[in-house]
Amino acid sequence: MSAQSRTFPVAATCMMVIGVIILCGLGTWQLYRLDWKQGTLAELDYAYSVDEQSPLPLAAMRAGEPSFAYGSVRGEILVDRAFLLGPRVLNKDIGMSLMMPLRLDEGGIILVNMGWSGQDLSALQEAFSSAQSVRVTGLVRKPYWSSFMPDNMPEQDQWYRPDLEEIASAKGLDDVMGYILYAFDLGGVTAAGFPRNERWSPKNNHAQYAAFWFSMALVLMGIYYLRFFVAGKSDE
């Protein structure tokens, strides 16, 4: 064996160790995400266990307590303050989410997501013109958006982020609750096929992702061992 072949692979070892640390870090992060997702799904299951005719816990929602709540609420749809939020893809078609403020009978306003649409806003507003007072059943969630989403352009009525404060200011809405109500039913009222939302339940693939990253760490260590120890011995 030459002197070069007997030299310990310092650079390769350092790169292998760094790679394993990164891969294990990604796997550990997925385990944290798994724990978070399981908690989210448990909260959702609890929310969905409530009878759909039960009133939404408005007092608790004003305090910002529940992450999710399922039930119904009555109010008046403010058709003239409706807007489109998006874009959103459904079955490879690009459209928007129809958002409509609902003035609650108990006081205050909540933003209602009626679901996906590929129509113009004016046509949708006309469809809802005779369905202003409704009982809305659905799931309330706190709004969120990706940091990669473009900024809203209120002056052009173009909305990408469900920023409730910005929306309330632009639409002249007072006492807006810090939630979005994803409507599943309008108490028998139908307007252009709305609402078009289905029960939301996020996918939970974090266990598979964690297994993948930890497996990649093992593969990297195996390749390192085969290359510098097993193959090295065969060259002697």
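What distance in nm separates the two pseudo spin-label positions at Met153 and Gln53, each 7 Å out from Cα along the beta-carbon direction? Placing both labels 7 Å beyond Cα along the Cβ direction yields 4.7 nm. Using R0 = 25 Å, the C-beta based FRET efficiency linking Phe8 and Trp29 works out to 0.20. Beta bridges from DSSP with both residues in the range 54-188: antiparallel share about 85 percent, rounded to the nearest 5. Here the Karplus curve 6.51 cos²θ - 1.76 cosθ + 1.60, taken at θ = phi - 60°, turns the phi angles of the range 54-62 into couplings of 5, x, 5, x, 4, 4, 5, 5, 5 Hz, with x standing for Gly and Pro.
Between Met15 and Asn205, the FRET efficiency from the beta-carbon distance, with R0 = 22 Å, is close to 0.15. Working from Cα pairs under 8 Å separated by at least six residues, relative contact order for the chain is 25 percent. Here the Karplus relation 6.51 cos²θ - 1.76 cosθ + 1.60, evaluated at θ = phi - 60°, turns the backbone of the range 168-181 into coupling constants of 4, 5, 6, 9, x, 9, 10, 6, 7, 6, x, 9, 10, 9 Hz, with x for every Gly and Pro.
One decimal place: the segment Leu226-Val89 gains 44.7 nm when fully extended, by the rule 0.36 nm per residue minus the C-alpha distance. 3J(HN,Hα) couplings calculated from phi for the range 208-225 with the Karplus curve 6.51 cos²θ - 1.76 cosθ + 1.60 (θ = phi - 60°) are, in sequence order, 5, 5, 4, 4, 4, 5, 5, 5, 5, 5, 5, 4, 4, 5, x, 4, 4, 5 Hz; Gly and Pro show x. Proximity of backbone amide H atoms, modeled 1.01 Å from N, is registered between Asp185 and Thr137 at under 5 Å, excluding neighbours fewer than 5 places apart on the same chain. With Rg/Rh (Cα atoms, Kirkwood Rh) as the read-out, I listed (i) 0.99; (ii) 1.23; (iii) 1.02; which label goes with the value calculated from this structure? Of the listed options (i) 0.99; (ii) 1.23; (iii) 1.02, (ii) comes from this structure.
If R0 is taken as 25 Å, the Cβ-Cβ distance between Gln119 and Asp80 corresponds to a FRET efficiency of 0.90.
Looking at the chain, send over the antiparallel percent of its DSSP beta bridges, to the nearest 5.
On the way: 33 of 39 bridges.
Around 85 percent of the beta bridges assigned by DSSP in the chain are antiparallel ones.
No lab work stands behind these numbers, since they all come straight from the coordinates. No experiment lies behind these values; they were computed from the predicted model shown. Here Cβ is always computed from backbone atoms with ideal geometry, including for glycine, and neighbour counts include all displayed protein chains.
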